[in-house]
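Inspection log for the structure reproduced underneath, given as C-alpha cells.
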Amino acid sequence: MERLLQYVFDGLSLGSIYALLALGLVVVFRGTGHLNFAQGEMAMICTFFTWQFHAWGLPLVVSVLLGMVAGFVLGAGVEVSLIRRVAKKSEAGVFVVSIAMFLGFNSLAGMIWGNLPPEEMPSLFPDEPDDFVRIFGAVWRYEYIGIMIVALLLMGLLFLLFAKTKFGLAMRAVASNPESARLVGIPTGVVLAASWGIAAAMGALSGAMVGGLAGELTSLLMFTPFIYASASATLGGFDSPGGAVIAGLLIGVGEQLAAGYAPGWIGQELRLGVALVTIFVVLLFKPSGLFGSTKVERV
Amino acid sequence: MMKINHGSPQHWALRTLGVALIALIIVWVPTQMSTSRIGQFSDAFVLIIAAMSLNLVLGFTGQISIGHSAFFGIGGYTAAILIKDHGWSPGYTFYAAAALAFVVGCLIALPALRIKGIYLALVTLAVAVLFPTLVKWKKLAWLTDGAKGIDSVRYDELPVWPILGELKGRDGRAVFAYWLAFVLLVVTYLVCRGLVKSRFGRSLVAIRDNETAAAVMGVNLTVTKVLVFGVSAALCALAGVLSTLRTGVITPEGQYVTLLGSIVFLLIMVVGGAGTLWGPIVGGLVYVWLDNTTRGFGSESDGVIGFLFGWSDQSPATLILGLALVIIMFVAPYGLVGLIKRLWVKVVVVVPKPAGTSLPTTGQ
Amino acid sequence: MKRTSTRVFALAMASALTIAACGGDDEGSSSTEAPAASEAPSTEAPSTDAPSTEAPAAGWAVNTDDCVDPDAANAPIEGTIKIGSAMPLSGGPAATAFAPVKDGFEAYIQWANENKILGDLTIEVQIEDDQYNKDLTPGAVEKLLDADTNVFAGIIGTPNNTAVKDLLNEECYPQLNALTGSPSFGNAEEYPWTTGLLIPYTTEAKAYAALIADQFPAGAKVALFTVNNEFGQVYAEAFKEIAPEFNIELVDEQTIEATDAAPPTAQVNSIASNAPDAILAVPLGAGCATFLGEVANAKAANAGWNPAIFMTATCSSPLILGLAGPAADGIYTANNLVDILDPEVAAQPAVAEYIAFMEGLGKGDIITTAAAGWHTAEVTVLTLKAALESEAGLTRASIINAARAFNQATTFTRPGITLKMNGVDDQYMSESLQVIQYNATTKLFTDIGELITDFES
C-alpha cells in the first residue's frame, strides 16, 4: 500500500510537470494548428535565463517570472518572424523550422552558458532532506506538492483564459477559422503571437521547476520531459487542454507504476518506453486522443 | 539564354560533359586526395544514401518521418551482430540488414495508414527514441551488448575488387570504403530513380498531393505506403551497415542512431531539395562541408567569424546548421536543387520534343 | 554533430583526471620533492630513487612483422616528434569538463620543449576536437595520421579510444595513455600498441569491495547505481564479477539515463526499500550531486538507514561534490593522484612550478582539470625519453616498448605510487590507489586506510 501510494505521489508530481509542458504544446496547436517541436528547448533556454537573472542577484521568484516573460517574448517573436512567414508557404515548412529551432536553441544555450560548470539551480520550494510529509507511510516531498499546486493553478488560469475571457474566445475563433476571425475584426496576428508566447512562458515555468528538482542545469534538461509532454498531449488530445493535463498525470503515474512493479521488465530504463508506447498505441487506435475532437476533413 | 532541343547533339554534348565531370570528381577523390578527405567523402555518401531513403517517404510520398535513425541503427546493429557474434562475412550482412529493415519498415508503415502530418511525425519520433532505449534494455543485452555497443566490426581482409586490386592498411580501407559507399550510392540512386519514374512513383506523388484523390483514382493506399516505407527502411539500413563497417563501432548513442540522426537526414533532404532525386546528393555534400568547416569556428577564428562566434568556447556548428535550414526554408523552399534549377533555366533551356512528332528536330 | 545528449559520456574520465582527491597527506617528503629542489629539467622523480630512464625491459617487445608498413614502424624519428590526440573541446557537458585537459597537455609540451627534456628533439602537439563523439574520433585520427603524427596520447573517452584502436594497431602507431579506465585497455596481446592510463574500473571496484568487506565482515548487502552507458555498464559488470569473492550480496541494481537530468527519485527509493549496507554509485558528472541529494532525502524518510556510499573516482571533484552540499559528507572515493588544491601539495616544488607555469600562461583558473592533461603529457614525454635513450633509438616500436616497461612516479602521483607496466605481466599503468573520504564541511578528503598497491601486477 505504501509503495503504491509512493508511486502515485511521485507520478502525480512528475506528471504535473509533463502536463504543464504539454499544455504549452496544446496552446500552440489550438491557436495555430502547429506542433512546436522546439517547445522543450525553448523552455530550457528560458530556464537558463531564469538562472542568469538569479545569478545576477534577483530573488528566485522574480527570476522565474522574468524568465516567463522572456519566454513570452521569445515565443511571440519566433511566431511573428519565422512561423508566420513559413506557414504561408507550406505547412511542412513550419515543422522543419521548428526542428531548426530545436537545434538552434540547444546549440545557443550550450554556446552562451556552456563553458561554465553545471549550473546550480535552486528550487522554488523548500527542498532540504527533511521537507516532506508522510501520508499513510508514503513520503510526499514539499517540492513535489509545490510543483503540483503551481501547475494546477496555472492550468486553472489557462482554462479561465480560454473559457471566460474575450481573448480566449478570440483564440478559439482564430483556431477554428482564421479567415472568418479576421473578417470579424479579430487581430489574428496578435492572437497567434500571443498563443506562442503563452506556450513558451509555460514552458519556462516548467523548465524552472524541472531545473529546481534536478538541482542543476544542462542543455539536455528538457529533452526527456518534451517526449513525455508529447505523449501527454497525444494521449489527451492535442486540442484539449484538460485532456493534456489528465493525460500528463496519467502518464506520470503510469510510468512510475510500470517501473516500480516491473523492475525486471521495465524498470527505470524503459520508463520512457512507456510514454513512447503510449504514443504509438493512442495514435494507432484513437489519434484524436482521449479528449480531443476528431477532425473532419473536407475532401 | 540558350535553347537546346531535347535529343539534339548539343543536348548530348551537355549530358556527356556533365557525366564526365562527375566521373572525374569521383575518380579524383580516392586517387589524389588525402586519406582523411576520402573518409569524409565516404561519410557523405552514407548520409546521402540515408537522406535518399528518407526522400522516398517524405519528399515523394509526403509522409513525415523522423524515425529513420531507427532503420539506420537496425542496419548497423544487424551487421555488427552478424559479423561479431556469428562470423558472417560483411558482404552478406547488407542483404540481411536490408531484409530485416524492410520488414520493420512495413510494420511501422501500418500506423501511417491511418494518421498524417504531425501525428505521424510523433509516431516516428517515438520509434526514433525507442530504438536506442530498446538497444540498451537489459533484456536485450545478450544481443546488443547494451550500452557498451559493439566494436571491432570490420573486414578482416578487404575483398579484392577488379581495378582496385589488393588493398591494405588504413589507406586501403579508406579507398575501399569509398568505393563501396559509391557503389551503394549508385544502387540507391538507381532504385529511387526507377521507383520514382515508374507508375509506382506517380502514385507516391499522387498520395503526397492529395491522398483522397489518389485513392479515388485507384491508388492502393495501403500497399503503396507499406511498400515505400519498407523500401525506404531497407535503403536506410544499407547506410547503417556501411557506416558501421567504416567506423568499426556501433553504440546506442551513435551519431545517426538516435533521434538526432533522423533530424540530420531530414535537414539534408530539405536543404538539398525534397522530392528531387539529386536533392539528397547536393544536400549531403553541402552538409558535410558545412559541418566540417563550422566545427572549427570558435575562439581561434579571425575576422567576421571570430567576431560572430569567437566569444563562445563551444562550436557553433549546430547553430549554423539550424540557421541554414531556416534560411533555406525562406529563400529556397525547394532546396538547393530547386534553386539551381531556377538559375540554370536562365542559362540553358532544354526544349522538349513536341508531342507526337517523330521527325528529328534540327538544332538551334 | 554535437548536442547528442546521448553523447554525454563518461564524464568519468574527466573526474578521474580532475586531480581533486585531496591529499591531506601528512607524509613529509615525496619522491617528487627532492629532485625539484635542484635544477628545473630534472624535476621528474626519476632522478632519485625510482628506476628512471630504463632501457625497455628485455622481456617484451612489440612484433612489427604484421604491420602494414614495418619499416615505418621501426624508422628512427628525428628532429621533431609529433604527438596527436583527440579530445572533446566543444559540443556539450563533456567539453565543459574536459576541454582544460588540452590546455594542461599543451602546457606541459611547451614546458618540456623549453626545458629540453628530449634534448635537441622538438615536440609538436596537435589536438583535434572529436566532441566526445566516437563517430568523430576516427576522422580526427585520420587527419592526424595524414599530418605525419608519430604517436598518439591522451585520447579521452572509452568509446573514443575503442573506435580507433583497431586502426592504430593495424598501422602500428602507439596509442599511449588512453584516458579511460575500461579493463579492455590492458590487452598487450591483441592490442599491443594501445595502453590506458586511468585506474581500471575493475581495480577501483575491487578496492571498494575490499573496504566494504572490511566494514561488514559478515557479508554486506550492496546496491548498485550506474549511468546507463558504456562507462556505467563496464563498471557494473566489473563489480558484479568480484562481489561474490568478498561475500557481497547485490540487493538492487538501478540505472539512470545519461541524458536524464531529473533526480533519480524512483531509483533511490527502490534502493532504500532494500536497505543495503552500502551503495556503489557510478553516475555521470553533475548526476553525482543529484544522486547524493536524493540519497539524503531517502535517508531522512527512512530513519535508521545510513548506507556507506562509494562513488566512482570521476565524481571526486570538489566542484561536483560541492553542488551536493552536506549530502556529500562522508562519501568514499579513490584516486591515485594528489589534490593540487591542497595547500601542502601546492607547495611542493614540482607542483608549484606547474601552477606557476599555468598562471604564466594566463590559465590559472583551470589548474585542477588541466593537471590531468599535464600529467598525461608528462607520462607520455617520459616514455618518449626512455625510448630515445634506448638501444633502438626513437622509433614508434621503441616507444611502445618503453611504454610497456615504464616504471616511474611523476609530478602528480601520490607518494608511494609509481606508474608501472611490464609487458604482458602488468598491462595497466595505474593500479595503485588510495581510498579517500570526503568531508563536506572542510571540503577536503582524508585518506582511508593504506595506499592500496596489491593490485599492481
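Give me log10 I(q)/I(0) at q = 0.21, 0.24, 0.25, 0.26 Å⁻¹ for the stretch A:1-90, Debye formula, one equal scatterer per alpha-carbon, no solvent. After summing over all Cα pairs, the log10 values are -1.04, -1.16, -1.20, -1.24.
The label-point distance for C:Asp65 and A:Ser90, in a model that sets each label 7 Å from Cα toward Cβ, rounds to 6.2 nm. If exposed means no more than 15 neighbouring beta carbons inside 10 Å and the site is in a DSSP loop, what's the longest run of chain A without any exposed chymotrypsin sites (Phe, Trp or Tyr not before Pro)? It works out to A:137-264.
Accessible area ranking (1.4 Å probe, heavy atoms, ligands and nucleic acids excluded), largest first, for B:Met52, B:Met33, B:Met2: B:Met2, B:Met33, B:Met52. By DSSP, the beta bridges lying fully in chain C are antiparallel in about 30 percent of cases. Using C-alpha pairs below 8 Å separated by at least 6 residues, the relative contact order for the stretch A:2-285 is 39 percent.
To the nearest 10, the accessible area of B:Arg154 is 50 Å² with a 1.4 Å probe.
Set the Förster distance to 51 Å, then compute FRET efficiency between A:Lys286 and B:Val27 from the Cβ-Cβ distance, nearest 0.05. With a Förster radius of 51 Å, E is 0.35. Applying 1/(1 + (r/R0)^6) with r as the Cβ-Cβ distance of B:Leu308 and A:Ser293 and R0 = 51 angstrom yields a FRET efficiency of 0.65.
Applied to the stretch B:149-154, the Karplus parametrisation 6.51 cos²θ - 1.76 cosθ + 1.60 on θ = phi - 60° returns per-residue 3J(HN,Hα) values of x, 10, 10, 6, 8, 7 Hz, with x for Gly and Pro. In chain B, the portion of solvent-accessible area held by carbon and sulfur atoms comes to 68 percent [1.4 Å probe, whole percent, DNA, RNA and ligands not counted]. Taking N as the residue count of chain C, its C-alpha radius of gyration divided by 2.2 N^0.38 Å amounts to 0.94. For the stretch A:155-221, relative contact order (Cα pairs under 8 Å, six or more residues apart, normalised by length) works out to 18 percent. Among all stretches of chain A without exposed trypsin sites (Lys or Arg not before Pro) (DSSP loop, at most 13 other Cβ atoms within 10 Å), which one is longest? The answer is A:1-294.
Once you reduce the stretch A:60-136 and the stretch C:200-240 to the center of their Cα atoms, the two points are 38 Å from each other. Both the radius of gyration and Dmax for the stretch C:276-415 are 19.9, 66 Å, in that order, over alpha-carbon atoms.
For chain A, carbon and sulfur atoms together expose 70% of the accessible surface, with a 1.4 angstrom probe and every protein chain in place. Computed over Cα pairs, the Kirkwood radius of chain A leads via Stokes-Einstein (1.306 mPa s, 10 °C) to a diffusion coefficient of 81 µm² per second. A Cβ-based charge dipole, computed about the Cα centre of chain A with Lys and Arg at +1 and Asp and Glu at -1, lands at about 1380 debye. For the stretch C:360-422 versus the stretch B:336-352, the inter-centroid distance based on Cα atoms is 61 Å. Amide H contacts for C:Glu253 (H built 1.01 Å from N in the peptide plane; partners 5 or more residues away or on another chain; cut-off under 5 Å): C:Leu224. In whole percents, the pair-distance distribution calculated for the stretch C:275-347 from its alpha-carbon pairs, binned every 10 Å from zero, is 19, 49, 25, 7, 1. For the stretch C:199-283, a crude dipole built from +1 on the beta carbon of Lys and Arg and -1 on the beta carbon of Asp and Glu, taken about the Cα centre, is about 140 debye to the nearest 20. Take the accessible area of C alone and of B alone, subtract that of the pair with a 1.4 Å probe, and the total buried over both chains is about 3300 Å². For GluC sites (Glu not before Pro), the sites in the stretch B:158-262 that DSSP calls loop and that have at most 11 other Cβ atoms within 10 Å are B:Glu166.
Here the Kirkwood formula puts the hydrodynamic radius of the stretch A:1-154 at 17.6 Å, using every distinct Cα pair. Each 10 Å bin from zero up to the one holding the largest Cα-Cα distance in the stretch C:136-293 carries the following percent of pairs: 10, 33, 28, 19, 9, 1. Note on the stretch B:196-305: percent of Cα-Cα distances in each 10 Å bin, starting at 0 and stopping at the bin with the largest distance, equals 12, 30, 31, 18, 7, 2, 0.
The modelled label-to-label distance for the pair C:Asn113/B:Lys346, using points 7 Å beyond Cα in the direction of Cβ, is 5.0 nm.
Have a look at C:Phe231, C:Val295, C:Ile417 and report the one farthest towards the positive end of the charge dipole of chain C, computed about the Cα centre with Cβ charges (Lys/Arg +1, Asp/Glu -1). The Cα lying farthest towards the positive end belongs to C:Val295.
For the stretch C:209-229, backbone nitrogen atoms closer than 20 Å to the point 7 Å from B:Ala141 Cα along Cα-to-C-beta are found at C:209, C:221-229.
Computed from backbone phi, the HN-Hα couplings of the stretch C:428-438 come to 10, 6, 10, 10, 9, 8, 10, 7, 10, 10, 8 Hz, rounded to whole numbers (Karplus: 6.51 cos²θ - 1.76 cosθ + 1.60, θ = phi - 60°; Gly and Pro given as x).
Could you tell me the calculated FRET efficiency between C:Ala346 and B:Lys168, based on Cβ-Cβ distance and R0 = 60 angstrom, to the nearest 0.05? Given R0 = 60 Å and the Cβ-Cβ separation, E is 0.70.
Take every pair of alpha-carbon atoms less than 8 Å apart whose residues are at least six positions apart; their mean separation over the length of chain C yields a relative contact order of 26 percent.
A simple spin-label model places the labels of C:Val424 and B:Ser198 5.7 nm from each other, with each point 7 Å out along Cα-to-Cβ.
Of the residues B:Val46, B:Leu204, B:Phe71, the one whose Cα sits farthest towards the positive end of the charge dipole of the stretch B:34-258 is B:Leu204 (charges of +1 on Lys and Arg Cβ, -1 on Asp and Glu Cβ, taken about the Cα centre).
Look at the stretch C:137-150: the mean tally of other chain Cβ atoms within 10 Å of its residues' Cβ atoms is 4. Dipole magnitude for chain B: computed about the Cα centre from +1 point charges on Lys and Arg Cβ and -1 point charges on Asp and Glu Cβ, it is near 1080 debye. Projecting the Cα atoms of C:Ala99, A:Leu60, B:Trp161 onto the dipole axis of the protein assembly as shown, where Lys and Arg carry +1 and Asp and Glu carry -1 at the beta carbon, places B:Trp161 farthest toward the positive end. Computed from Cα atoms alone, the Kirkwood hydrodynamic radius reported for the protein assembly as shown is 30.8 Å. Take the accessible area of C alone and of A alone, subtract that of the pair with a 1.4 Å probe, and the total buried over both chains is about 2500 Å².
Note every residue of the stretch A:253-269 with a reduction of at least 40 square angstrom in accessible area, all protein chains present versus the isolated chain, computed with a 1.4 Å probe, or write none. Residues of the stretch A:253-269 that lose at least 40 Å² of accessible area once the other chains are added: A:Trp265, A:Gln268, A:Glu269. With protein chains left intact and a 1.4 Å probe, residues in the stretch B:34-258 average 36 Å² of accessible area per residue. In chain B, inverting the average of 1/r over every pair of distinct C-alpha atoms gives 22.0 Å as the Kirkwood radius. Annotation for the B:A interface, with buried accessible surface near 4100 Å², both sides summed [1.4 Å probe; non-protein components not counted].
In the calculated pair-distance distribution of the stretch B:3-124, the portion above 17 angstrom amounts to 71 percent of the Cα-Cα pairs.
The values are calculated or read from the model by the stated rules, or taken from the named source; none is laboratory data. What you see is a predicted model; the values in this text were computed from it and never measured. Cβ: placed from backbone, ideal geometry, glycine included. Neighbour counts: every protein chain shown. Heavy atoms of the whole protein, side chains included, go into the accessibility calculation; ligands, DNA and RNA do not. Shrake-Rupley method; radii C 1.70, N 1.55, O 1.52, S 1.80 Å.
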